[in-house]
Structures are given as C-alpha cells and as structure tokens.
Amino acid sequence: MVLVAAALLVGGCSSTVEGHAVGAVEAVGLFDPCSGISDSALRHVGVDPATEERGILGVQIPRFEICSWKGTGISLSVWSTDYSLDEVEANTNNADVTTVSVHGGPAIQFGQRDDDTGRICSVAWTTNQGVLIVRIAPDFGETPVDPCGLAAKSADKLFPELPR
C-alpha cells in the first residue's frame, strides 16, 4: 500500500519528454532527512528515532530523499525533492490542495486522492534545496486526530533543523 502511494505521489510529478530513454534522474545535493534531523527533534514531534526507515519500505525513489519514523498510532515522513512546488501541487493524486503557512512562509497542504478515509495529510514548501514535504499517515487500524494539523505542527517543530 505504501509503495502504491509513493508511486502515485511521484507519478504526478512526471511529464512526457520527447527523445530516448536514459537512466533514472538522480537529484544531487538534496537534504537528507535521515541524517539532517536530530533524534531530539524527532522525539519532540512524538516519533521514535530508532524506527527510522529510508525510502519507501527501504526502496529509494529517484529524485527524492525520504525518511520515515513511527510514533504512537502514526508515521511521520519527511520527503526532500528537486521537483518544484508547482509540480507537487499539480500531482493528480493530491487531493484538496490548499494554501497554508509553514513557520510563517507559504506552503500547500494536501491529502491523497486514493485515501478515502482522509487520514493521510502532507504539507509542502520550497526551500533553497528544493521542496520539503512532511507527511502524516496512520499506522494500520489507527486514526490520527487531525492529520493535517499534526503535519503542520510537525513541520513547524522540525523547521529549525530543515533547510531554508
């Protein structure tokens, strides 16, 4: 299920390009959330640093650095990408895209079109190293209270450790 969600999130960031196929595009110089966010900051947002997982179920996604941690009933993911905020917003799998603020700056908030429960929510904003996305998803069988509020609060709490 997570891989399907990742494919749908990433799939909306692609476009048709004329020419011949080449290897996967790798983003160079992206912020690495696994090494860039301290254990104390992770504990501050309510997740366990020992549950760290790179990628999606351990699979690296081209043009993304992804790290996830588990907390009580939730999973927090931080995604770093070289896609633009406009490309993230245009992703056809993103639902209910609205303008919000992260640490006083412009951002977008969105759910996933394939999430009928409304229990997954992300906030995304532009930094000097690309776009960062903070995503809250429930553990199986759990329902977080206000996942979008939790995503925004987590982004604000992590902000001091993230690229500007």
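The values are calculated or read from the model by the stated rules, or taken from the named source; none is laboratory data. Bear in mind that the values here come from a model prediction, so they are computed numbers and not experimental data. Heads up, the Cβs are rebuilt from the backbone with ideal geometry, glycines too, and the neighbour counts pull from every protein chain shown. SASA here: full protein model, heavy atoms, side chains in, ligands and nucleic acids out. Shrake-Rupley method; radii C 1.70, N 1.55, O 1.52, S 1.80 Å.
For this structure, a couple of remarks:
- Residue check for ARG119: basic (Lys, Arg) and either crowded, with 21+ Cβ neighbours inside 10 Å or closer than 18 Å to THR81 by Cβ (or both): no
Yes/no matrix, rows are residues, columns are (1) under 18 Å from LEU150 (Cβ atoms); (2) in contact with a strand residue (DSSP E or B) (Cβ under 8 Å, 6 or more places away or on another chain):
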residue: VAL45; (1), (2): yes, yes
residue: GLY58; (1), (2): no, no
residue: ILE66; (1), (2): no, yes
residue: GLY71; (1), (2): yes, yes
residue: VAL88; (1), (2): no, yes
residue: SER101; (1), (2): yes, yes
residue: ASP115; (1), (2): yes, yes
residue: ILE120; (1), (2): yes, yes
residue: VAL131; (1), (2): no, yes
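- Of all the residues in segment 84-103, those that are open to solvent by less than 20 Å² (accessible area, probe 1.4 Å) and out of contact with any helix residue (DSSP H, G or I) (no Cβ under 6 Å at 6 or more places or on another chain) number 4.
- Residue ID - surrounded by the fewest Cβ atoms within 10 Å (Cβ to Cβ), chosen from residues in segment 68-81 that are farther than 13 Å from LEU42 by Cβ and at pLDDT 95 or above: SER80
- Test: residue in segment 40-50 that is closer than 18 Å to PHE159 by Cβ, modelled with pLDDT of 95 or more and basic (Lys, Arg): yes
- Any pair with Cβ under 7 angstrom, 6 or more apart, that starts in segment 69-81 at a residue that is at positive phi and ends at one that is in a strand (DSSP E or B): GLY73/PRO138
- Selected residue (only one of SER35, SER15 is among the hydroxyl-bearing types (Ser, Thr, Tyr), farther than 27 Å from GLY118 by Cβ, surrounded by fewer than 16 Cβ atoms within 10 Å (Cβ to Cβ) and at pLDDT 95 or above): SER35
- Between LEU57, LEU8, LEU3, the distinction of being out of contact with any His (no Cβ under 6 Å at 6 or more places or on another chain) and at pLDDT 65 or above belongs to LEU57 only.
- Residue match in segment 127-144 (condition: of a type in the set (Gly, Ala, Ser) and on the phi > 0 side of the Ramachandran plot): yes
- Hits in segment 128-155 (condition: surrounded by fewer than 16 Cβ atoms within 10 Å (Cβ to Cβ) and not hydrophobic (A, V, I, L, M, F, W, C)): ASN128, ASP139, GLY141, GLU142, THR143, ASP146, GLY149
- ARG113 being touching a helix residue (DSSP H, G or I) at 6+ places or on another chain (Cβ under 9 Å) and modelled with pLDDT under 95: yes
- Within segment 95-141, being over 12 Å from the mean Cα position of the chain (by Cα), more than 25 Å from PRO160 (Cα to Cα) and of a type in the set (S, T, N, Q) holds for one residue alone: THR117.
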